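These notes concern the structure reproduced below.
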Amino acid sequence: MTPTLAESAALLLPELVALRRSVHEEPEIGLDLPLTQAKVLAALEGLGLEVSVGEKLSSVTAVLRGGRPGPAVLLRGDMDALPVQETSGLAFASRVAGAMHACGHDLHVAGLVGAARLLVERREELAGSVVFMFQPGEEGCGGAKIMIDEGLLEAAGTEVVAAYGIHVTSGLLPGGVVSGRPGAAMAAADTLHVTMRGRGGHGSAPHAALDPVPALCEAVIALQTMVTRRFDAFDPVVVTVGHIHGGTINNVIPDDAAFEATIRTFSAEARDRAEEETLRIVRGVAAAHGLEVEARYERLYPVTRNDETEAAFAARTVRELLGEERFRPMPQPLAGAEDFSYVCERVPSAYFFLGACPPDRDPATAPYNHSPEAFFDDSVLADGAALLAALAMGRLARA
Ligand SMILES: [Zn+2]
């Protein structure tokens, strides 16, 4: 009798755990991850996949051709670590000073390898192709965008018809619970850069200078007023001025003063309006005080938006594969950002979260992703791999 996906995945678990821990011990940051790439290539060796590597980044794209004709779907795993000094004390803790897999992307690497192994075993049943996306540079480098530019979505010869990704969390969800929602799953994250220029002078004689500091402070407050007065409370905007700088000493008025804000939105409409409104406000406040201003709205990752049909399909797949109690509808999006959003913009997608909180920690208080103490329980890898495989098989079967 053919084993079920869950049974096959359980057999793979020790190998996936070993791969995950090897990647965890040697974390790499950014777009260039040669060691991680080599580990992925070694793990895919001999599976009969069409493997290619990136030009501008150390990505791996692998294509599995099913035994029957059909369209192509994409499964994604990001591979990069963070500039964090690990304090977990684990036997397989990072051996690289100042680098740690604090966001669990090491589990994503192993999970996607596991999905590839499971699907290769079922190649004859597959009605179409599966593209495996091993991606560097999720943390701020936009690796997904570069992979798309290098032909990722057409790697199988035709553009993929759907894409799926899973992100593990060290807190928030109990271990093994999967959560997702239709529509916005994560925010767009943009940066507003503002410098106001006046004329410096002696702090005792501000009338003889043109002080940029009070005007800059006024703009910071005006942005908070903008959030409540110019945006729908049900399509929220988060504005945080996290960096502000002006002057050197108490009695000298500086020539200029500057701030930077992160701006999070959950719809393309709110994002467009946030750009327009923030620029108008800071320019207007500067003009009101006779200052020159340099204001730039830098668009970073877009909204990670789940397609309604694909999100419903993914939720159904979780319930069927893992059981009713293992799916938890996600009440609202997360305000973090994710560059899988570039894939979601192009292809109907579903991006879900998988709890990897260990049983001895409370998900509500466990150190969360990006913490130097974050701990991801890799026993969830079998379920993660089986889920990705089930999404690909199910989607191709319904094509
Ligand atoms: Zn992450």
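Condition first: closer than 14 Å to GLY180 by Cα and open to solvent by 40 Å² or more (accessible area, probe 1.4 Å). Can you find one or more residues in the range 336-346 that meet it? No, because not a single residue in the range 336-346 is closer than 14 Å to GLY180 by Cα and open to solvent by 40 Å² or more (accessible area, probe 1.4 Å). Residues that are part of a strand (DSSP E or B) and open to solvent by less than 30 Å² (accessible area, probe 1.4 Å) within the range 65-109 comprise ALA72, VAL73, LEU74, LEU75, ARG76, GLY77, ASP78, ALA81, LEU82, MET100, listed in sequence order.
Residues considered: LEU82, LEU35. Of these, the only one that is over 17 Å from VAL130 (Cα atoms), hydrophobic (A, V, I, L, M, F, W, C) and in contact with a Cys (Cβ under 7 Å, 6 or more places away or on another chain) is LEU82. Yes or no: the range 115-124 includes at least one residue that is part of a loop (DSSP other than H, G, I, E, B) and either more than 20 Å from the chain's Cα centre (by Cα) or without any contact (Cβ under 8 Å) to a residue 12 or more places away in the chain (or both). Yes.
Every residue, every condition in (1) open to solvent by 50 Å² or more (accessible area, probe 1.4 Å); (2) assigned by TED's automatic domain parsing to the domain that holds ALA374; (3) modelled with pLDDT under 95, yes or no:
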residue: PHE132; (1), (2), (3): no, yes, no
residue: LYS145; (1), (2), (3): yes, yes, no
residue: GLY176; (1), (2), (3): no, yes, no
residue: VAL194; (1), (2), (3): no, no, no
residue: ARG199; (1), (2), (3): yes, no, no
residue: VAL220; (1), (2), (3): no, no, no
residue: THR225; (1), (2), (3): yes, no, no
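Read through the list (1) closer than 21 Å to ALA337 by Cβ; (2) open to solvent by 10 Å² or more (accessible area, probe 1.4 Å); (3) β-branched (Val, Ile, Thr), then give the number of the only condition that VAL120 fails. Answer for VAL120: the failing condition is (1). Being more than 16 Å from the ligand (Cβ to nearest atom), out of contact with any helix residue (DSSP H, G or I) (no Cβ under 9 Å at 6 or more places or on another chain), of a type in the set (A, V, I, L, M, F, W, C) and open to solvent by 50 Å² or more (accessible area, probe 1.4 Å), is that true of even one residue in the range 315-331? No, because not a single residue in the range 315-331 is more than 16 Å from the ligand (Cβ to nearest atom), out of contact with any helix residue (DSSP H, G or I) (no Cβ under 9 Å at 6 or more places or on another chain), of a type in the set (A, V, I, L, M, F, W, C) and open to solvent by 50 Å² or more (accessible area, probe 1.4 Å). Of the candidates GLU86, GLU45, GLU50, GLU26, the single residue that is over 19 Å from LYS145 (Cα atoms) and either within 16 Å of the ligand (Cβ to nearest atom) or of a type in the set (S, T, N, Q) (or both) is GLU86.
Taking residues in the range 281-307 that are over 27 Å from ALA268 (Cβ atoms) and assigned by TED's automatic domain parsing to the domain that holds VAL213, and partners anywhere that are modelled with pLDDT of 95 or more and among the β-branched types (Val, Ile, Thr), the pairs with Cβ atoms closer than 9 Å and at least 6 places apart or on different chains are ALA286/VAL194; ALA286/VAL293; ALA287/VAL293; LEU291/VAL285; GLU292/THR195. Looking at the structure I just gave you, is GLY165 within 14 Å of the ligand (Cβ to nearest atom), surrounded by fewer than 18 Cβ atoms within 10 Å (Cβ to Cβ) and either farther than 15 Å from TYR301 by Cα or assigned by TED's automatic domain parsing to the domain that holds LYS39 (or both)? So GLY165 fails the test.
A count restricted to the range 44-64 and to residues that are open to solvent by 30 Å² or more (accessible area, probe 1.4 Å) and either outside the structural domain of GLY143 (by TED's automatic domain parsing) or closer than 16 Å to PRO136 by Cβ (or both) stands at 5.
The values are calculated or read from the model by the stated rules, or taken from the named source; none is laboratory data. Note that the coordinates shown come from a computational prediction; the quantities given were computed from them, not determined experimentally. A quick note on method: Cβ atoms are made from the backbone with ideal geometry, for glycine too, and the neighbour counts reach across all protein chains shown. Areas reflect the complete protein model, heavy atoms only, side chains present, ligands, DNA and RNA absent. Shrake-Rupley method; radii C 1.70, N 1.55, O 1.52, S 1.80 Å.
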